[in-house]
Amino acid sequence: MYFRAKEVKSEDFVGKEVSIRGWVHRLRRQKENAFVLLRDDRGGIIQCVFPAGKAEGLTIESSIEVAGIVNKDSRAPEGGFEIKGRSIKIFNVAPADYPIGEYQSDELLLDKRHLSLRTRRMIAIAKIRASVLHFGRRWFVENGWMEVTAPTIVKGAVEGGSTLFKLKYFDEEAYLSQSAQLYLEAMIFSLGPVWSLTPSFRAEKSRTVRHLAEFSHLEAEAPWVGLDDILKTEENLVSYVIQSTITERAEELEFLKRDVSDLKKVQPPFERLPYGRAIEVLRSRGFQVVQDDGSRRDIQFGDDLGIDSERELTKDAEKPIFVVGYPISVKPFYVKEDPQRPGVGLTADMLAPRGFGEITSGGQREDDMSSIINRMRKEGLNPDAYDWYLDLRKYGSVPHGGFGLGIERLVRWITNVEDIKDTVLFPRTMSRVSP
Ligand code: ATP
Ligand code: MG
């Protein structure tokens with residue numbers, strides 16, 4: 001029987017013989033003894049001490065199996081327990097040129113991501129991400145939402161043509177999906193509230209710390225809901241995921257030096273900030289936007305919010321903020337116009353606090369056939385390309401809505417890592433499609 005490091009680091013194991021398998025994470029040789037920091041296959045670390053002769057030939061990242069007695073010694077790193085090694089079996093001796101050491105450029109760590117995911121930082125982030133996915137799924141299951149899967153090879157754009165990845169699909173042209181939303185909309189008529197977790201693809205040409213070309217998209221859609229129902233769903237889901245994750249992953253967050261005191265405050269309700277008010281706040285602070293020709297002007301009603309304005313709005317916030325009621329002109333064709341306020345969309349983005357910015361977009365969908373066709377035309381889309389989607393407005397249309405949440409955006413906020421590329425093990429960006 002084999003143990004993991006975490007299991008044997010306990011009073012119960014002191015004096016007992018254990019076997020443990022893993023890799024040489026660090027190695028220090030003294031005249032008499034060799035100190036091996038062994039990393040197991042869940043990233044747990046324990047010091048193993050051997051008489052110097054027994055550890056000959058070992059190198060960093062060699063794979064080994066160690067048998068020995070658990071010993072308590074306050075000098076032992078990683079929790080004060082160690083293994084007095086009796087025997088060591090070597091599976092593979094790694095060449096001495098293992099490229100990942102203590103100090104590396106970010107670029108090298110990305111080029112060698114298949115190896116750098118053995119670093120403790122990446123292990124900690126991966127575990128936090130796993131918890132986010134786990135608790136997200138759990139929230140939906142426990143609250144009566146049904147999990148579905150939508151195709152990722154599609155014919156129509158959801159979020160605008162400029163970020164579409166084109167694909168040769170046999171003799172046709174197709175695209176990688178930007179969002180499962182239109183398919184989820186089709187499902188609510190027979191499956192009720194549904195949710196999915198699928199990769200979305202966007203050919204994002206700007207290099208930012210919050211855009212990937214492929215990201216994990218958590219999306220939900222339900223019949224007979226209004227904007228307020230959707231926002232409640234979002235704030236409950238996000239609060240649950242955060243509270244559960246910071247409890248389960250306290251150790252990993254501490255390793256990342258993430259002070260979670262602000263995350264603890266993330267409980268419903270979140271503030272609803274009307275879009276118009278957001279623009280007023282930004283104008284009162286002299287906030288400017290950069291225009292296409294590079295010149296600057298004051299932000300004004302009608303402008304979309306971008307990374308900089310979202311940072312400005314949330315820099316002092318402790319909880320997420322919903323910006324509610326964007327002009328429909330900056331939102332896609334499917335956003336429903338508020339019948340009471342022409343030009344205003346029944347839509348909201350959730351902005352994470354402390355400058356992290358948008359993590360969800362959601363709202364009520366346009367359920368009227370002629371209005372949605374008009375909106376498509378205004379956006380230069382050909383309604384014929386959406387024939388199946390328009391059937392949903394034809395046969396039993398109902399008020400409905402939903403939202404999309406970027407898992408990597410949420411993980412970035414929870415972990416407080418600077419670059420979204422570090423929230424995913426093998427990131428895809430404009431300049432990176434390997435490893
Ligand atoms: P942004 O304005 O930040 O570019 P968006 O409004 O284009 O995002 P949506 O279409 O609203 O994005 O997608 C829903 C959610 O998916 C976003 O709120 C965000 O969390 C996530 N998301 C969108 N694009 C990306 C991306 N390129 N990389 C990572 N996550 C993304
Ligand atoms: Mg959005």
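Placing unit charges on the Cβ atoms only, positive for Lys and Arg and negative for Asp and Glu, gives the chain a dipole magnitude near 1480 debye about its Cα centre. Our coupling estimate for the stretch 153-163, obtained by passing each phi through the Karplus curve with A = 6.51, B = -1.76, C = 1.60 and θ = phi - 60°, is 10, 9, 9, x, 7, 10, 10, x, x, 6, 10 Hz, Gly and Pro reported as x. Label-to-label distance, ALA52 versus ARG4, with points set 7 angstrom from Cα along the beta-carbon direction: 3.6 nm. The C-alpha atoms of the chain define a longest principal axis, and helix 369-378 lies at about 80 degrees to it. Oblate is the label for the stretch 102-179, because a/c, from the alpha-carbon gyration tensor with a ≥ b ≥ c as root eigenvalues, is 1.5 or above and a/b does not exceed b/c. Only one residue of TYR275, GLY53, MET376 has its Cα farthest out toward the positive end of the dipole of the chain, where Lys and Arg carry +1 and Asp and Glu -1 on Cβ, and that residue is GLY53. Taking the C-alpha atoms only, the angle from helix 120-142 to the longest principal axis of the chain is near 50 degrees. Of the chymotrypsin sites (Phe, Trp or Tyr not before Pro) found in the stretch 37-108, those in coil by DSSP whose Cβ has at most 11 other Cβ atoms within 10 Å are TYR103.
Please identify every one of the trypsin sites (Lys or Arg not before Pro) in the stretch 49-99 that sits in a loop by DSSP and has no more than 11 other beta carbons within 10 Å of its own beta carbon. Those that pass, being in a loop and sparsely packed, are ARG75. Taking trypsin sites (Lys or Arg not before Pro) across the stretch 233-314, the ones in a DSSP loop with at most 15 further Cβ atoms lying within 10 angstrom of their Cβ are LYS257, ARG285. Over the chain, the Kirkwood radius and the radius of gyration, each from Cα atoms, give a ratio Rg/Rh of 1.06. Distant-in-sequence amide contacts of VAL335, defined by a placed amide H-H separation under 5 Å and a gap of 5 or more residues or a different chain, comprise GLU366. Entry for the stretch 215-323 at q = 0.18 Å⁻¹: log10 I(q)/I(0) = -1.05, Debye formula applied to identical alpha-carbon scatterers, no solvent contribution. Around the Cα centre of the stretch 122-251, unit charges on the Cβ atoms of Lys, Arg, Asp and Glu (plus for the first two, minus for the last two) sum to a dipole of about 540 debye.
Here, each number is a calculation from the coordinates, and none is a lab measurement. All values derive from a computational prediction rather than experimental measurement. Note that each Cβ is placed from the backbone with ideal geometry, even for glycine, and that neighbours are counted across all protein chains shown.
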